[in-house]
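Engineer: Provided herewith is a single structure, encoded as structure tokens, for subsequent inquiry.
The values are calculated or read from the model by the stated rules, or taken from the named source; none is laboratory data. Predicted model only: the values in this text are computed from it and were never measured. Every residue, glycine among them, receives a Cβ derived from its backbone with ideal geometry; neighbour counts consider all protein chains shown.
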Amino acid sequence: VSRLRSVQSLVASIALLLVVALIGSGATAATQQDFITALISATIVYGLYVFIGNSGVISFGQISFVAIGAFSAGLFTIPTQPKHFVLPGLWSFIANHSVSDFVSFLIAAGLGALVALIVGLPLMRLSGIAAGIATFAVLEITYNIFLQWTKIGPGPTTLSLVPVSVGVWQALLGAVAAAIVAFLYQSSRRGRLLRASREDPAASQAIGVNVTRERWLAFSLSGALCGLGGALLVHQLGSITVDQVYLELTFLTLAMLVIGGSGSLWGATVGALGISLLDSWLSAAENTVHVVFFSISLPNGASDLILGIIMAAMLLFRPQGVTGGAEFSLAFVNRLRRRSSRAGVEPSVTGVQGEPKPTLEPDMQQVNPTEGVESRAER
Amino acid sequence: MNVGQTIIDGLALGALYALVAVGLALVFGVLRLINFAQGELITAGAYALSLTSGWPVVAQIVLCFVVCVGLSVAIERIAFRPLRGAAPATTLVATFAVAFALEAVWLIAFGANGKPADPLSTLNTIAIRGSLNLRWITIVEVAAGLVLLGGTALILGRTSIGLQMRAAATDFRTARLLGVRTNLVISFAFVIAGVMAAVVALLYTVQTPLVTQTFGLDITIIALVGAVVGGLDRLWTATAGGFAIGFATAVLNDVLPASQEKFQTAFVFLLVIILLLLRPGGLFSGFGRTTVERV
């Protein structure tokens with residue numbers, strides 16, 4: 001039954017991505033970019049979800065792989081002629097090779113996975129806050145290297161002249177591919193082992209789950225999806241700087257995942273698309289937006305203020321995320337199922353209530369101070 | 001290259017980071033919450049100093065303390081109290097969201113160019129001249145660090161509220177059942193965090209007199225990294241970690257030649273990863289304690 005509900009969740013996620021793409025394809029060229037950005041955000045958040053959502057370990061480092069994807073895809077698609085001229089310091093291998101955009105997506109995903117594989121090998125032994133800080137260190141190191149090492153990138157300058165080839169449909173294709181990969185992983189045996197370790201690390205180890213290995217696999221897969229997201233991003237914008245794939249993107253994508261509900265694919269979809277579109281709309285409102293009869297014009301910086309307040313408020317009202325970490329389900333399907341089970345047609349389904357609510361960081365949850373006590377004492 | 005001078009500079013910066021780490025560790029102790037908004041308190045205090053630049057210095061300092069403590073308690077009341085007991089990821093993102101919103105407030109109110117603030121700039125003069133130059137600010141920073149840390153230790157060790165805080169940090173549920181007043185204890189932790197932020201704002205403006213939106217965020221993140229490397233679950237290990245990272249940054253700054261300075265951040269964070277892998281429970285945590293994840 002839970003597999004069926006997950007399929008519903010995948011279908012619903014793809015449908016929502018499709019709706020966003022359709023609306024975007026009908027919009028004006030400027031507005032269209034916002035919808036493309038939303039679809040790319042979804043791709044990156046699926047990448048985050050594969051590791052953070054399934055393992056329950058927070059990582060601040062996944063945007064490193066977005067950066068690696070963006071710079072590798074960008075550098076390998078700039079024609080060699082101008083590349084020699086604009087970036088004379090590059091390694092000759094990078095400077096002399098140029099590939100098609102399609103191949104650059106594969107390179108980006110491959111490099112993302114490879115670096116994640118290498119970085120994850122020592123790091124996946126950590127959990128809790130130590131894991132959070134260690135992955136943050138990965139982000140800082142990546143940023144520092146890209147910013148300073150002109151043999152492998154543009155350094156502090158802007159990487160430009162990248163072919164702009166990602167429109168609405170390409171972004172949709174990327175996001176759908178990422179959603180399918182995330183779905184296949186979470187419903188596979190390996191994905192389930194990791195989700196078991198999220199719920200109870202001790203019990204899952206006791207039944208023979210190698211938690212470190214399962215986390216490592218998810219981390220590498222996440223690296224591939226994040227690399228793909230970075231490639232989409234660079235081919236949407238045509239140019240990129242190191243600062244665009246650093247702290248702010250890390251916080252924003254993490255917020256998308258948690259606000260949507262980090263335990264489910266459906267939550268990742270809703271959070272990514274919702275927050276990304278809201279962010280774009282608010283930024284546009286800084287240069288006047290028309291809402292039916294009004295035209296609103298916000299002062300500079302106000303969009304971030306409103307976004308921050310909305311994000312905090314959403315967490316206050318739905319601490320488990322908008323979806324509560326549950327997968328998408330059609331209410332009427334449940335009703336149908338209940339009726340049939342009552343009639344005795346399908347008795348095996350009765351006890352199953354879907355997946356339990358996920359709790360991130362179960363090992364930290366143990367020491368969570370106010371759990372339970374608060375409600376009892378407050379009453 | 002003067003080794004003594006390097007060490008003196010390192011002590012001063014280390015003391016500053018240690019104060020930030022104390023605020024983070026106190027809040028973490030009672031709430032298990034990593035408070036990224038702590039940096040915004042420092043920024044708020046620094047802006048308060050810059051806006052009151054014509055005032056008498058004492059009034060400026062008082063206002064700085066009022067702003068930091070008030071904002072600290074207000075954030076706890078509005079944003080964090082309703083989230084008690086939520087998953088750590090949720091509270092963490094909530095502190096991001098608060099920091100994100102406050103940074104936008106600073107941008108709207110004060111612009112992107114930064115504001116000057118240097119109420120204590122007289123401290124930037126040299127107190128003892130000789131083979132080693134000792135500036136007043138260095139003396140004040142180290143002294144303030146020692147006094148505040150000692151004061152915090154006294155409060156935690158010798159007062160009723162301190163006892164309640166320690167009880168809450170050890171086992172929140174049991175402490176509550178035994179009659180520890182939760183809201184009071186948590187508010188008090190945020191008051192101390194606010195005081196620490198105010199002191200950091202005062203002292204840090206001497207060395208960095210231009211206040212921008214990310215004035216406090218940067219040092220808070222570095223101090224947090226230090227505190228976790230040291231061991232966030234105990235006050236003195238977190239403080240020592242914060243001090244160590246401040247000291248290491250200052251020393252590396254002096255020691256590395258300009259040509260190699262560009263990869264300094266990468267080296268510091270590589271060291272952070274190695275230390276975390278070797279001692280995930282904290283560098284200064286007792287050797288008898290288990291450092292492996294409890295299963």
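Engineer: Taking only segment B:105-136 into account, find how many residues are free of Cβ contacts under 8 Å to residues at least 60 places away in the same chain and facing another protein chain (nearest Cβ under 8 Å).
Structural biologist: Result for segment B:105-136: 2.
Engineer: Can you tell which of B:L71, B:L33 is surrounded by fewer than 23 Cβ atoms within 10 Å (Cβ to Cβ), of a type in the set (A, V, I, L, M, F, W, C) and either within 16 Å of the chain's Cα centre (by Cα) or over 25 Å from B:L202 (Cβ atoms) (or both)? Steps first, please.
Structural biologist: Numbers: B:L33 fails: surrounded by fewer than 23 Cβ atoms within 10 Å (Cβ to Cβ).
Residue meeting the stated conditions: B:L71.
Engineer: Can you confirm whether A:L121 is within 30 Å of B:L232 (Cα to Cα) and surrounded by fewer than 18 Cβ atoms within 10 Å (Cβ to Cβ)? Talk me through it step by step, then tell me what you get.
Structural biologist: Details: within 30 Å of B:L232 (Cα to Cα): yes; surrounded by fewer than 18 Cβ atoms within 10 Å (Cβ to Cβ): yes.
Taking the combined requirement at face value, the residue satisfies it.
Engineer: Out of B:A240, B:A244, report the one residue that is under 24 Å from B:N2 (Cβ atoms) and touching a residue at least 40 places away in the same chain (Cβ under 8 Å). Spell out the reasoning first.
Structural biologist: Details: B:A240 fails: under 24 Å from B:N2 (Cβ atoms).
Sole residue among the options that is under 24 Å from B:N2 (Cβ atoms) and touching a residue at least 40 places away in the same chain (Cβ under 8 Å): B:A244.
Engineer: With respect to B:G231, is the statement that it is more than 11 Å from chain A (Cβ to nearest Cβ) and not polar (S, T, N, Q) true?
Structural biologist: Working: more than 11 Å from chain A (Cβ to nearest Cβ): no; not polar (S, T, N, Q): yes.
No, not satisfied.
Engineer: Can you spot a residue in segment A:58-73 that is part of a helix (DSSP H, G or I), without any contact (Cβ under 8 Å) to a residue 24 or more places away in the chain and not charged (D, E, K, R)? Full working, then the answer.
Structural biologist: Filtering segment A:58-73 for residues part of a helix (DSSP H, G or I) gives A:62-73.
Filter once more, so that each one left must be without any contact (Cβ under 8 Å) to a residue 24 or more places away in the chain: none.
Checking segment A:58-73: not a single residue is part of a helix (DSSP H, G or I), without any contact (Cβ under 8 Å) to a residue 24 or more places away in the chain and not charged (D, E, K, R).
Results for (1) touching a helix residue (DSSP H, G or I) at 6+ places or on another chain (Cβ under 7 Å); (2) among the small types (G, A, S), shown as yes or no for each residue.
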| site | (1), (2) |
| --- | --- |
| A:I207 | no, no |
| A:W216 | yes, no |
| A:F219 | yes, no |
| A:I240 | yes, no |
| A:F251 | yes, no |
| A:A268 | yes, yes |
| A:G271 | yes, yes |
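Engineer: Limited to segment A:120-132, what total is found for residues that are within 9 Å of chain B (Cβ to nearest Cβ) and either of a type outside the set (A, V, I, L, M, F, W, C) or over 23 Å from B:A87 (Cβ atoms) (or both)?
Structural biologist: Step one: of segment A:120-132, the residues within 9 Å of chain B (Cβ to nearest Cβ) are A:122-123, A:125-132.
Now restrict to residues that are either of a type outside the set (A, V, I, L, M, F, W, C) or over 23 Å from B:A87 (Cβ atoms) (or both): A:122, A:125, A:127-128, A:132.
Within segment A:120-132, residues that are within 9 Å of chain B (Cβ to nearest Cβ) and either of a type outside the set (A, V, I, L, M, F, W, C) or over 23 Å from B:A87 (Cβ atoms) (or both) number 5.
Engineer: Let me ask you something else. Among the residues of segment B:166-183, is there at least one that is within 18 Å of B:W236 (Cα to Cα) and of a type in the set (V, I, T)?
Structural biologist: Looking for residues that are within 18 Å of B:W236 (Cα to Cα) and of a type in the set (V, I, T), one finds at least one in segment B:166-183, hence yes.
Engineer: Among the residues of segment B:110-138 satisfying the criterion of being surrounded by fewer than 12 Cβ atoms within 10 Å (Cβ to Cβ) and polar (S, T, N, Q), which is modelled with the highest pLDDT?
Structural biologist: If we take residues in segment B:110-138 being surrounded by fewer than 12 Cβ atoms within 10 Å (Cβ to Cβ) and polar (S, T, N, Q), then B:N113 is modelled with the highest pLDDT.
Engineer: Considering only segment A:230-348, give the helices (runs of 4 or more DSSP H) lying wholly within it that have at least 3 residues that are among the basic types (K, R) and modelled with pLDDT under 85. Let's see the steps before the verdict.
Structural biologist: Details: elements: A:247-260, A:265-285, A:302-317, A:331-342.
The qualifying helices (runs of 4 or more DSSP H) are A:331-342.
Engineer: Can we say B:G70 is within 27 Å of A:I133 (Cβ to Cβ), part of a helix (DSSP H, G or I) and either in contact with a Leu (Cβ under 7 Å, 6 or more places away or on another chain) or not aromatic (F, W, Y) (or both)?
Structural biologist: On the way: within 27 Å of A:I133 (Cβ to Cβ): no; part of a helix (DSSP H, G or I): yes; either in contact with a Leu (Cβ under 7 Å, 6 or more places away or on another chain) or not aromatic (F, W, Y) (or both): yes.
In short, no.
Engineer: What tally of residues in segment A:257-287 results from selecting those that are more than 16 Å from A:S222 (Cβ to Cβ) and in contact with a Phe, Trp or Tyr (Cβ under 7 Å, 6 or more places away or on another chain)?
Structural biologist: 1
Engineer: Could you give me the residue pairs with C-beta distances under 6 Å whose first residue belongs to segment B:76-87 and is facing another protein chain (nearest Cβ under 7 Å) and in a loop (DSSP other than H, G, I, E, B), whose second residue is among the hydroxyl-bearing types (S, T, Y) and crowded, with 17+ Cβ neighbours inside 10 Å wherever it lies, and which are 6+ apart or on separate chains?
Structural biologist: B:R84/A:T370; B:G85/A:T370; B:A87/A:T359
Engineer: So which residues in segment B:6-56 are out of contact with any strand residue (DSSP E or B) (no Cβ under 8 Å at 6 or more places or on another chain) and either in a loop (DSSP other than H, G, I, E, B) or of a type in the set (S, T, Y) (or both)?
Structural biologist: If the condition is that a residue be out of contact with any strand residue (DSSP E or B) (no Cβ under 8 Å at 6 or more places or on another chain) and either in a loop (DSSP other than H, G, I, E, B) or of a type in the set (S, T, Y) (or both), then B:T6, B:Y17, B:R32, B:L33, B:I34, B:N35, B:F36, B:A37, B:T52, B:G54, B:W55, B:P56 are the ones that fit.
Engineer: Continuing with this model, one more query. May I ask you to list the residues in segment A:143-195 that are free of Cβ contacts under 8 Å to residues at least 24 places away in the same chain, assigned to a helix (DSSP H, G or I) and either of a type in the set (D, E, K, R) or within 14 Å of another protein chain (Cβ to nearest Cβ) (or both)?
Structural biologist: A:N144, A:I145, A:Q148, A:R189, A:R192
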